[in-house]
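Working notes, structure below.
We did not get these values from a lab; they are worked out from the coordinates using the rules stated. Quick caveat, the model's predicted, so the values are computed rather than measured. Neighbour counts are summed over all protein chains in view; Cβ atoms, including those assigned to glycine, are modelled from backbone coordinates with ideal geometry.
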Amino acid sequence: MPQYHPVTSKILDLLKAGGYWFETFEHEPVRTSEEAAKVRTGYSLEQGAKAIIIRVKRSQQDKEFLMLVLPGDKRFDGVKLKALLGAKDIRFATTEEVGKLTDGVEPGGVPPFGNLFDLKVIVDPSLMKLEKIVFNAGDRRFSVAMKAEDYRKIVKPEITEIV
């Protein structure tokens, strides 16, 4: 196996230790959900758990980063999200901010395990209705598929409509 980001091993170790079902895919580097869906045989675009890190600003002093997880074929609703979070402003984390928050994971490789990076995780319920989800696991060249219910048990995200 090629050298992947250390978080890849953390995720695999977590799944193995818990006795959870999972399967892995090694593939060419992918950056978008659409590219990823093409290399994940047997999985649809909507099963792709897209992890997005955003910066939420409530006031000049009150700013935080958090992780949104949604189906690969969807976009988050900024108006709905601002209202939900009581935010004045929401923006995507920059490449530099993503690197700092994730110990160097590149955008496109960020796994939906915000708990490993001390980030609050908000997941859209449409993703949790699926039997299985699949995601980049810390590297653009490596994906993991697992049961959505097991993901919920491990990450313990807030499940709220964000699309």
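Computed values, structure above
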{"item": "Pair D118, K100: separation of 7 Å Cα→Cβ label points (nm)", "result": "1.3 nm"}
{"item": "10 Å Cβ shell holding at most 11 others, DSSP loop, trypsin sites (Lys or Arg not before Pro): longest site-free stretch of the chain", "result": "1-74"}
{"item": "Stretch gain in nm, segment R91-D73, where the contour uses 0.36 nm per residue and the Cα spacing is subtracted", "result": "4.5 nm"}
{"item": "Net charge dipole size for the chain [Lys, Arg +1 and Asp, Glu -1 on Cβ; Debye, nearest 20]", "result": "400 debye"}
{"item": "Order of T95, T8, T160, T102 under a 10 Å beta carbon neighbour criterion, fewest first", "result": "T95, T160, T8, T102"}
{"item": "Distance between modelled label sites at K16 and K63, nm, 7 Å Cα→Cβ extension", "result": "4.0 nm"}
{"item": "Positive-pole candidate from F76, V110, A93, dipole of the range 61-112, charges at beta carbon", "result": "F76"}
